[in-house]
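Q: If you scroll down you'll find the structure; I have some questions about it.
Please treat every number below as a calculation from the coordinates, not as lab data. Note that the structure is a prediction, hence the values are computed from the model and not measured. Glycine also receives a Cβ, built like all others from the backbone with ideal geometry; neighbour counts cover every protein chain displayed.
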């Protein structure tokens, strides 16, 4: 719900959380309970910045608590974080693997 500003003639300005469907209706003052009309005392917050900077802020805000998920898997060129790293694992046609540069004296499983 948005925060709207109201002006009570007896008590002065106050803010209240009101549903958007009731934005034009007066709100009861929290001190004297008289109905007070809605006023705009502060400027609305607008996003006036270039699209590149706005996109960077949106990306930063999104990655702060929920990382971007991709269906392409790790190592894809479009969104997986760059090029696929070259693996030193040797895959054979029969399904066995070996690591020729790691420990040449060991036999692979």
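Q: Would you please classify the overall shape of region 15-54 from the alpha carbon gyration tensor, given that a ≥ b ≥ c denote the square roots of the eigenvalues, rounded means a/c under 1.5, and beyond that prolate means a/b larger than b/c while oblate covers the rest?
A: Prolate is the answer for region 15-54, as a/c is 1.5 or above and a/b outweighs b/c.
Q: Shifting gears a bit: Using mean Cβ contacts within 10 Å as the protection proxy, how do 10-16, 51-57 order, highest first?
A: By packing density, highest mean first, the sequence is 10-16, 51-57.
Q: At 7 Å along Cα-to-Cβ for each site, give me the label-to-label distance between residue 32 and residue 96 in nm.
A: My value for the distance between the label points is 9.2 nm.
Q: May I pose another question? For a quick check: sort 87, 21 by the number of other beta carbons within 10 angstrom, fewest at the front.
A: 21, 87
Q: Here is a follow-up. Going by how many other beta carbons lie within 10 Å of each one, how would you line up 4, 91, fewest first?
A: Sorted ascending by nearby Cβ count, the order is 91, 4.
Q: Work out how much length residue 23 to residue 51 would gain on full extension: take 0.36 nm times their residue separation and subtract the Cα-Cα distance, in nm to one decimal.
A: That pair, residue 23 and residue 51, stretches by 7.0 nm at full extension.
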